[in-house]
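What follows is a set of notes on a single structure, which appears directly below.
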Amino acid sequence: NIDIFMENKGDKIKETALEKSIEKLTKKALISALQTILNESYGAGLDVDGIFGRKTKAAIRNLSNGDTGDYVRVLQGFLIGRDQDTGGFDGIFGNETESAVRTFQTVKGLTVDGIAGKNTFEALANG
């Protein structure tokens with residue numbers, strides 16, 4: 001029985017390490033997508049490096065209920081990765097995405113306004 005326990009424990013450690021690697025890669029891909037969208041839509045001139053630094057933060061534009069498109073889809077990807085229910089990965093910032101933003105803001109101790117701005121994106125990307 002102890003051998004089975006140790007084997008299961010080892011598998012759990014491997015699984016946790018794999019999950020963390022996937023999470024890191026996914027986060028980097030989402031940040032890269034965000035940077036690409038900010039460059040294409042707003043001429044931000046960011047290096048697409050997958051790192052959320054001060055230049056990326058400065059380029060963030062607020063997203064709120066009623067917004068649509070790939071920028072919203074990136075927000076939804078970040079939120080889904082943080083176990084928030086956005087009601088889908090559809091690029092529509094509706095009531096469920098707003099609720100997910102508000103819940104995330106509450107958990108992270110941010111101003112709770114349902115608007116995904118600079119601080120919310122920073123917490124999603126780096127927190």
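Any read-out appearing in this document is the output of simple, stated calculations on the displayed coordinates, not a laboratory observation. Computed from a prediction, not measured in an experiment: that's the story for all the values here. Cβ coordinates were reconstructed from backbone atoms using ideal geometry, including for glycine residues, and neighbour counts include every protein chain displayed.
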Grab the other residues whose beta carbon is less than 15 angstrom from that of ARG54, score K and R as +1, D and E as -1, and report the net.
0
Once Lys and Arg are counted +1 and Asp and Glu -1 for all other residues with Cβ under 11 Å from that of ARG73, the total becomes -3
What ratio of Cα Rg to 2.2 N^0.38 Å holds for the range 27-113?
1.05
Local charge sum around GLN35 (other residues, Cβ-Cβ under 10 Å, Lys/Arg +1, Asp/Glu -1)?
-2
Centroid-to-centroid separation of the range 102-120 and the range 29-90 [C-alpha atoms, Å]
15
